[in-house]
Amino acid sequence: MNSTDSRYIQGSTGPWEIVIGLEVHCQVLSKAKLFSGASTEFGADPNAQVSFIDAAMPGMLPVINKFCVEQAVRTGLGLKAQINLISVFDRKNYFYPDLPAGYQISQYKSPIVGEGEVLIDLPGGETARIGIERLHLEQDAGKSLHDQHPDHSYVDLNRSGIALMEIVSRPDMRSSEEAAAYLKKLRAIVRYLGTCDGNMDEGSMRADVNVSVRKPGAPLGTRCEIKNVNSVRFVAQAIEFEARRQVDVLESGGAIKQETRLFDSRTGETRSMRSKEEAHDYRYFPDPDLLPLVLEQAWVDRIATSLPELPDEKKSRFVAMGLSAYDALVLVAEKEAADYFEAMLKEGAEPKAAANWLNNEYFGRLNKSGLSIVNGPVPAASNATIVNMVGENIISGKIAKDVLDIVWAEGGEPRSLVESRGLKQVTDASAIERAVDNVIAANPDKVAAAKAKPQLAGWFVGQVMKATGGKANPTVVNAIVKNRLGLPE
Amino acid sequence: MSVDKDTVRRIAKLARLALEEDRIEPMVEELNGILAWVEQLKEVDVEGVAPMTSVVEQRLKMRDDIVTEGDNAKALMANAPQGQDHFFVVPKVVE
Amino acid sequence: MSDPTELTLAEARDAVAAKKISSRELTSAFLKAMEAARPLNAYITETPDRALEMAAASDERIAKGQSRPLEGLPLAIKDLFCTKGVRTTAGSHILHNFVPPYESTVSQNLWNAGAVMLGKTNLDEFAMGSSNETSFFGPVISPWRSKNSNAKLVPGGSSGGSAAATSAGMCLASTATDTGGSIRQPAALTGTVGLKPTYGRCSRWGIVAFASSLDQAGPITRTVRDAAIMLKAMAGVDPKDSTSVDTAVPDYEAGLETGVKGLRIGIPSEYRVDGAPLEIDDLWTRAVGWLKSQGAEIVDISLPHTKYALATYYIVAPAEASSNLARYDGVRYGHRAAGTEDLIDLYEKSRAEGFGAEVRRRILIGTYVLSAGYYDAYYLRAQKVRALIARDFSRAFQACDVLLTPATPGPAFGVGDKTADPVAMYLNDVFTVTVNLAGLPGLSVPAGLTAAGLPLGLQLIGKAFDEATVLRAGRAIELAANFSAKPTAWWRAA
Ligand SMILES: [Mg+2]
Ligand SMILES: [Zn+2]
């Protein structure tokens, strides 16, 4: 592997290997909570979306949301994972104000989804396989606000009981880049599946990052868990900081304490979490309010047949259409980009030209304007038409960019726009011949030079293009220039 | 198996039950009395026996994904020992 | 009409339907009896205003010919069932001020059937006890006394308030819950009928949880017929309880008098325990004779793991309780300790102040048996033994239709007699607890008196969801025993 160097950090005692595993919590895109009929909508007033079950009022009982079970199975299938037809809900017992029952309903010994895998794409076109240990369903906790009052914390239970899928990876990642690629890929997969919106700002996807370091080839070191990191960038930063910290501790003769740490996005540092200092003993046991969850293979099979095409398969299909691996990767990274690309193909655009056009022209403009593919101003059909017109020799590549600028700023149908503004490429040979002759007549010195040095023909082509306002077909111009100058084709 | 004072302190902490120092020794005795008595389960041959997960032979019921609850905040806060603007209030927690 | 508080539920139902008495008259009579019987401490909360309102509404329906099965019949509700707008305490300091904004499914079923609520009955704190002495609201005193003695006796527990109220004419019938014997044991000690249905028969939604895999609601009544009437109204599948079972609820009353001819009655040898009073054994033997003479077939049965049931129970129930009771933390409802330093202090003090000694003890045991390093040795092993206990029953029911056993190892005992020794107290449930572990229906029927004049009960255990057969056999015992003793109303003179 040629990226070996970036996978090690250099300490005073030599190189150290970073070992990373991620536990990612994905909020299931359901209307109601996992065990109650309260709404999951983001941004409600405090405690406005809390059923008596979510608040653990006396005598309240959980009943599971079938849709959430289905989404977990769907996600498991998307991770090419084992679906467990029998799984069990356990109680994880601990006291915290945002955990009303004093226990979280989760799955411990028997999760709904077992081993699977995620392929990540590394720079240089390589891929790596990251093992998935399990996916289980569990309840989210509420939220404690600590900065509203000097002496009090405020508790809002709106999140309490929302369905989460906790996806636990194997400690298979060796650099912050790999961790970032994994998180991005996981996000793409759940978004393709439609099981989670992957919105890290609103907390619907959160990562707990397990980091340890070791000398290459040595057994695994003691790990620290960094809780609730809420962006891909922060995950990378947290790993960089934490790995360096651990190396420093070890090299100065210290030992790593297994602990939970918090990432401070302002300083880029991690610190020990005071509220988690006490050793936990979660006293897991099967929740007696719920029976084991038994699924039928036929039901799982039906979900499997309804699975959409996922990024890896889509990428292979795009490459088979003639796209470069890189272009294909860029397109499949965001489901909406791939959808947009495919919408262009439906309008008859040639795949490779469409991919080039998007990657080189349209995405750049979106980036510059801070827009995304879904809220960009140009519909896929319009971009397809522009690409098609280039292919049909109606406009040149240069004019195509102008047309895009016009459609971007003013809207409009590209074909009629080209027509009404007279942007059509000139392919009429006599008109082009006239223009070539004019340029030759005006520049006798250049003609002589070009006869000695044929590369200079390009200068004449440029001049002709300029004189025709870019509308002349460059291939035709090139041929006529060479003919008039007496140069070989 | 039997418990000692440290174990009683540890489980009281886990259970979030304040236990006065002078209650610990009596509690050690009470718990050991009960534990000695349940010790008889050791005699039972449970080789190959699956633990009971449920006495009812039934599939787990499932609900449809429908929002059935409205804003319960007022009813929810009615019993709260301390509340503010529909938040439950507790002494400050330092993370 | 003579004293209407002496009517059975069925008699009152028929009298009300025949307009011989109005619901309001009936209800007022019970409210008066409740007032007179306050020394028994059977109710934590009386709801006379609500009772009279409900009675008036019932009278209106009766007048319009819109009667429902329990129209206008006054009942007592164990204070473990959440009742909307009416304080629900679970007998605990930690819920002393809790007013639920919802109604339990079982109590709602009763109101839907037309019943009238008289109030909320006392119980052992969080239903943890066998004598009703652990309530934050003080012990319940049994209406029964031994011959020639004024010593206060316990009514049994945890549904001691419901049993005392039903026995002493403070309600027509009552609701109760049974986790290890809490319906059947107090019924046996107070000369009433107690029915613990099959686990899953009645919804647990809205009932303050003690041990979720064992808790089951049922009635305490004066007759087997009344138990049949009550169960029909209380039972039914509930989409809000994942463990409630969708199976038809038969008309238990209709099949009650079918008799036991041809019924195979199992007699488990393991229920003959050393040291139990001879009177219990005699009664049991006599009952075998009654059933035989009515045409039942008697079958000797073995339930080999019976002796481990109580120990199994005292691991499983506290483990579940330690988790179920974690929600009482002084944050969202209930008692919060004053003047605490920080959150942990608030938790620890609120819970230490809010829970009584027995509850604290069980929380600690439960926390211990689930904790790291002990789970396998205690909890997991107990759940395996539990599976063996359930297997014993399913094997037994291949050879018989219903089991007959004593309900308790002895009659009512004195207040304070067993509070010092938890294990001695736990032994009260030795005959009832197996039924909870296996999730089966069990019925306690009063069948005789001790020489000292205290009631003794017999227990019938049935197959899952076969309450009908249990009630039918219970009715046969009731007929043969012809139990008609009543406590002398000494509290009226007091
Ligand atoms: Mg985790
Ligand atoms: Zn989790």
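The values are calculated or read from the model by the stated rules, or taken from the named source; none is laboratory data. Given the structure is predicted, the values throughout are model-derived calculations rather than measurements. Every residue, glycine among them, receives a Cβ derived from its backbone with ideal geometry; neighbour counts consider all protein chains shown.
In table form, for the structure just shown:
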| read-out | value |
| --- | --- |
| B:Gln40 vs. criteria more than 9 Å from chain C (Cβ to nearest Cβ) and more than 23 Å from the chain's Cα centre (by Cα) | no |
| Residues satisfying the stated conditions in the stretch A:147-169, i.e. of a type in the set (S, T, N, Q) and either at the interface with chain B (Cβ under 9 Å from one of its Cβ atoms) or within 16 Å of ligand 1 (Cβ to nearest atom) (or both) | A:Gln148, A:Ser153, A:Ser169 |
| Selection from the stretch C:250-263 of residues that are among the aliphatic types (A, V, I, L, M) and free of Cβ contacts under 8 Å to residues at least 24 places away in the same chain | C:Ala254 |
| Lone unmet requirement of (1) within 12 Å of chain C (Cβ to nearest Cβ); (2) more than 16 Å from ligand 2 (Cβ to nearest atom); (3) buried (at least 24 other Cβ atoms within 10 Å of the Cβ) for A:Ile64 | (3) |
| Members of the stretch A:157-184 found to be more than 14 Å from ligand 2 (Cβ to nearest atom), buried (at least 21 other Cβ atoms within 10 Å of the Cβ) and outside any loop (DSSP other than H, G, I, E, B), listed by number | A:Met173, A:Ser176, A:Glu178, A:Ala179, A:Ala181, A:Tyr182, A:Leu183 |
| Residue selected from the stretch A:69-102 under the condition more than 7 Å from every other protein chain (Cβ to nearest Cβ) and closer than 20 Å to A:Lys143 by Cβ, by the criterion surrounded by the fewest Cβ atoms within 10 Å (Cβ to Cβ) | A:Tyr94 |
| Residue list for the stretch C:326-354, filter: within 30 Å of C:Leu380 (Cβ to Cβ) and touching a helix residue (DSSP H, G or I) at 6+ places or on another chain (Cβ under 6 Å) | C:Tyr328, C:Asp329 |
| Any hit, the stretch A:16-28, residues being more than 16 Å from ligand 1 (Cβ to nearest atom), modelled with pLDDT of 95 or more, within 24 Å of the chain's Cα centre (by Cα) and surrounded by fewer than 22 Cβ atoms within 10 Å (Cβ to Cβ) | yes |
| Criterion violated by A:Ser144 - all others in (1) part of a strand (DSSP E or B); (2) away from ligand 1 (no atom under 16 Å from the Cβ); (3) under 30 Å from A:Arg244 (Cα atoms) satisfied | (3) |
| Tally, over the stretch C:305-321, of residues that are over 16 Å from C:Val369 (Cβ atoms) and more than 10 Å from chain B (Cβ to nearest Cβ) | 2 |
| Among the candidates B:Gly33, B:Gly48, B:Gly70, residue that is assigned to a helix (DSSP H, G or I) and surrounded by fewer than 19 Cβ atoms within 10 Å (Cβ to Cβ) | B:Gly33 |
| Near pairs, Cβ below 8 angstrom, 6+ apart or cross-chain, from the stretch A:14-28 (within 14 Å of chain B (Cβ to nearest Cβ) and farther than 24 Å from A:Asp197 by Cα) to any residue that is assigned to a strand (DSSP E or B) and within 11 Å of ligand 1 (Cβ to nearest atom) | none |
| Options A:Lys80, A:Lys31; residue that is more than 16 Å from ligand 2 (Cβ to nearest atom), in contact with a strand residue (DSSP E or B) (Cβ under 6 Å, 6 or more places away or on another chain) and of a type in the set (D, E, K, R) | A:Lys80 |
| Those residues of the stretch B:73-95 which are assigned to a helix (DSSP H, G or I) and surrounded by 14 or more Cβ atoms within 10 Å (Cβ to Cβ), in sequence order | B:Ala73, B:Ala75, B:Leu76, B:Met77 |
| Scope the stretch C:128-178; condition out of contact with any strand residue (DSSP E or B) (no Cβ under 7 Å at 6 or more places or on another chain), under 16 Å from C:Phe81 (Cβ atoms) and not in a loop (DSSP other than H, G, I, E, B); matching residues | C:Gly160 |
| Test: residue in the stretch A:457-473 that is over 22 Å from A:Leu404 (Cβ atoms) and among the charged types (D, E, K, R) | no |
| Elements of type helices (runs of 4 or more DSSP H) in the stretch A:379-489, at least 2 residues being within 48 Å of the chain's Cα centre (by Cα) and not hydrophobic (A, V, I, L, M, F, W, C) | A:380-391, A:397-410, A:414-420, A:457-467, A:474-485 |
| Some residue of the stretch A:206-223 being more than 14 Å from every other protein chain (Cβ to nearest Cβ), in contact with a strand residue (DSSP E or B) (Cβ under 9 Å, 6 or more places away or on another chain), within 23 Å of A:Lys335 (Cβ to Cβ) and within 16 Å of ligand 2 (Cβ to nearest atom) | yes |
| Breaking point among (1) out of contact with any Pro (no Cβ under 7 Å at 6 or more places or on another chain); (2) within 14 Å of chain A (Cβ to nearest Cβ); (3) at negative phi, for C:Gly206 | (3) |
| Sole residue being at the interface with chain C (Cβ under 9 Å from one of its Cβ atoms) and more than 30 Å from A:Leu34 (Cβ to Cβ), chosen from B:Glu20, B:Glu57 | B:Glu20 |
| Selection count, the stretch A:111-132, where residues are within 16 Å of ligand 1 (Cβ to nearest atom) and in contact (Cβ under 8 Å) with a residue 60 or more places away in the chain | 1 |
| A:Ile189, sole failed condition from (1) away from chain B (no Cβ under 14 Å); (2) within 16 Å of ligand 2 (Cβ to nearest atom) | (2) |
| Matching residues in the stretch A:192-205 - criterion: being within 14 Å of chain B (Cβ to nearest Cβ) and either within 14 Å of ligand 2 (Cβ to nearest atom) or of a type in the set (Val, Ile, Thr) (or both) | A:Thr195 |
| Sole residue being away from ligand 2 (no atom under 16 Å from the Cβ), of a type in the set (Gly, Ala, Ser) and crowded, with 16+ Cβ neighbours inside 10 Å, chosen from A:Ala255, A:Ala243 | A:Ala243 |
| Subset of the stretch A:97-108 [closer than 18 Å to C:Ser371 by Cβ and either more than 14 Å from ligand 1 (Cβ to nearest atom) or at pLDDT below 95 (or both)] | A:Gly102, A:Tyr103 |
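Residue-by-condition table, conditions (1) charged (D, E, K, R); (2) more than 7 Å from chain C (Cβ to nearest Cβ); (3) in contact with a Cys (Cβ under 8 Å, 6 or more places away or on another chain):
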{"position": "B:Arg10", "(1), (2), (3)": "yes, yes, no"}
{"position": "B:Lys13", "(1), (2), (3)": "yes, yes, no"}
{"position": "B:Glu29", "(1), (2), (3)": "yes, yes, no"}
{"position": "B:Leu35", "(1), (2), (3)": "no, yes, no"}
{"position": "B:Ala50", "(1), (2), (3)": "no, no, no"}
{"position": "B:Asp65", "(1), (2), (3)": "yes, yes, yes"}
{"position": "B:Leu76", "(1), (2), (3)": "no, yes, no"}
